[in-house]
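Right, one structure below, let's go through it.
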Amino acid sequence: MLNDYKQIIASKISVPLPQSEVEDMIVAVSDDSLGDFAFPCFKLARLMHMSPVAIAEKLANEVQTDEHIVKVQAVNGYLNFFVNRVELMWDVISDVFASRGSYGNSDMGAGKTICIDYSSVNICKSFHIGHLSTTAIGSALYKIYTALGYNVVGINHLGDYGTQFGKMITAFKLWGDRELAEREGVKELQRLYVKFHQEEPNHPELTEQARAWFVKIERGDPEAQELFEFFKRVTLAEVMQIYARLNVKFDSWNGESFFNDKMDAPLALLRKKGLIVESQGAQVVDLQPYGMPPCLLVKSDGSSLYATRDIAAAIWRKNEYNFDKCLYVVAYQQNLHFKQFFKVLELAGFDWAKDLVHVAFGMVSLEDGSMSTRKGNVVLLKDVIDKAVSKAREIISAKNPDLKDKDEVAEQVGVGAVLFSALENSRIKDIVFSYDRVLNFDGETSPYIQYTCARCNSILDKAGDYKSSAVSGDYRALDNPETLRLVKLIGAFPQAVKDAASKYEPSIISALLIDIAQAFNRFYIAHRVISDNIAEQNARLQVVEATATVLKRGLELLGIEAPYKM
Ligand code: ARG
């Protein structure tokens, strides 16, 4: 839609630049009273030996208006275009109705594969609020890239390897109980782990036992293997329940331990390339020339590290999926780790190392003080979701006591509010989570978007025999600032989906949905939708329907459901 206008406008401007370049330079004007699109003349000043202001004025006199472009104006070095706004709104709404549930989709990713490593939970550790952002952002990117036609591979790179599992087995054999662990889940495993660390200072033999069990895990000892599988089952049973509630899916669960037998070849290659040096018994890649500490690959006792596994994993993924890009949605605390192993792969001669992207994000803490993982008193994601859902239920019951399916709606609103809190701001920002804020139905929140969407549905329901689908009605009734604003924002959605993908920033969609919801509420206050003039009413109802369609689709891409009624 937008691109059609850019094309029409570019064809009317004759300047010493290729038309495609002119098209790319055209921007949308945010103040509707100044125009709809603008062509900045600054870049031309050198080429044309004139000031931008003079160029804009010259062009304003030259450009021919017609039924599509109704007015041209020079404004401070910009050439501003007023389009036929009735036609523009007609175009946007036709677009929405032509694609509906797939509005914003495209085939730009056809034939391309994107791997997204996200959520990547740790076995025997609780699913705490620190895992919210990676899960929410990764899952949203998964849906966004899918909508753009990419083949997407969602990977949960499980944290299922390390010396801590030797400690876990030792603790479990001394103090553990299978039934209790089945019943209590990760909480019980965590209790044992904490106990191990409490006892260890007074019982040095524990350290030895843990080391021995770790060696057994590495050697594939059946008992160690069985216990480890048990821990994994207990952890994943819990994690799966959360994924189901958050509507999060994965195509691969190959985590760190999957690469146990896949590190020799990469290490041999790095050795052959002369990249590995000995340092105090350990094997490292020196990264000093790149301003980084060495990348540790093999410890002096011969065991591998997080980075070793990530190097093996990246190579395996390239061979298995032949990705065009591989994203790692991981907190910024791991910036150095990713920079290091990306560099090692680049030095090893893998030209695709440039296609590895660390999609970093900030920290989440709760309003009532941040969490401490060391002491084991973590804030569980499940508890946060449960609390948000129960608060949502209270609000809904107060607002709409007669609502049916209150539990289902409360779940959709509560879960949505939690997800949205991780998706609303540019991802690198730290988040302070507040129940009252994320559940404020009048704030810039997901309940606000959901509520607006439900309001649209109820307007359409009340409109009696309104039949949607074909664009019809008297669109002249829409020629006012509130409606124009709203429809332009709806028209901006497809580009926002693309930008969200290219910048790995679902918040671009979140922000647009908030803008659309706010614009809708202004439109609704300013204009009576239901009227005696059926042709005008139809046109307004179509705006309402288009709003509901785009809000629902946008929420869906963020992993959030839109209840029909609220
Ligand atoms: N399990 C890790 C953690 O919780 C995240 C793993 C991220 N993915 C990766 N390929 N390193 O910190």
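The values are calculated or read from the model by the stated rules, or taken from the named source; none is laboratory data. The structure presented is a predicted model; accordingly, all values stated were derived computationally and were not measured. So basically every Cβ, Gly included, is an ideal-geometry build from the backbone, and we count neighbours across all protein chains shown. When the accessible area is computed, the model is the full protein with side chains, heavy atoms only, and any ligands, DNA or RNA have been set aside. Shrake-Rupley method; radii C 1.70, N 1.55, O 1.52, S 1.80 Å.
Residue pairs whose Cβ atoms lie under 8 Å apart, sitting 6 or more positions apart in sequence or on different chains, and linking a residue in segment 265-285 that is touching a residue at least 60 places away in the same chain (Cβ under 8 Å) to a partner that is part of a strand (DSSP E or B), are 270/276; 270/285; 270/297; 275/285; 285/276; 285/277; 285/295; 285/297. For segment 2-50, filtering for residues that are outside any helix (DSSP H, G or I) and touching a Ser or Thr at 6+ places or on another chain (Cβ under 9 Å) leaves 1.
Counting only helices (runs of 4 or more DSSP H) wholly contained in segment 184-299, the ones carrying 2 or more residues that are in contact with a Phe, Trp or Tyr (Cβ under 7 Å, 6 or more places away or on another chain) occupy 186-199, 205-219, 222-246.
Listed here are the residues, each with its yes/no results for (1) more than 15 Å from the ligand (Cβ to nearest atom); (2) open to solvent by less than 70 Å² (accessible area, probe 1.4 Å).
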| position | (1), (2) |
| --- | --- |
| 224 | yes, yes |
| 279 | yes, yes |
| 293 | yes, yes |
| 304 | no, yes |
| 320 | no, no |
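When residue 120 is tested against (1) within 13 Å of the ligand (Cβ to nearest atom); (2) among the hydroxyl-bearing types (Ser, Thr, Tyr); (3) assigned to a helix (DSSP H, G or I), just one condition goes unmet, and that condition is (3). Go through the residues of segment 337-345 one by one and say whether even a single one is more than 12 Å from the ligand (Cβ to nearest atom), among the polar types (S, T, N, Q) and outside any loop (DSSP other than H, G, I, E, B). Checked segment 337-345: no residue is more than 12 Å from the ligand (Cβ to nearest atom), among the polar types (S, T, N, Q) and outside any loop (DSSP other than H, G, I, E, B). Cβ-Cβ distances below 6 Å connect the following pairs, each with a first residue in segment 101-128 that is open to solvent by 20 Å² or more (accessible area, probe 1.4 Å), a second residue that is among the small types (Gly, Ala, Ser) and within 15 Å of the ligand (Cβ to nearest atom), and a separation of six or more residues or different chains: 122/159. Within segment 185-192, is there a residue that is over 20 Å from residue 380 (Cα atoms) and surrounded by 13 or more Cβ atoms within 10 Å (Cβ to Cβ)? No, segment 185-192 contains no residue that is over 20 Å from residue 380 (Cα atoms) and surrounded by 13 or more Cβ atoms within 10 Å (Cβ to Cβ). Cβ-Cβ distances below 7 Å connect the following pairs, each with a first residue in segment 287-311 that is closer than 22 Å to residue 255 by Cα, a second residue that is of a type in the set (Gly, Ala, Ser) and surrounded by fewer than 18 Cβ atoms within 10 Å (Cβ to Cβ), and a separation of six or more residues or different chains: 296/282; 298/282; 299/282. In segment 170-178, is there at least one residue being aromatic (Phe, Trp, Tyr), crowded, with 22+ Cβ neighbours inside 10 Å and over 30 Å from residue 429 (Cβ atoms)? Yes, because at least one residue in segment 170-178 is aromatic (Phe, Trp, Tyr), crowded, with 22+ Cβ neighbours inside 10 Å and over 30 Å from residue 429 (Cβ atoms).
Given the criterion under 25 Å from residue 30 (Cβ atoms) and not β-branched (Val, Ile, Thr), identify the matching residue among 454, 492. Exactly one of 454, 492 is under 25 Å from residue 30 (Cβ atoms) and not β-branched (Val, Ile, Thr), namely 492.
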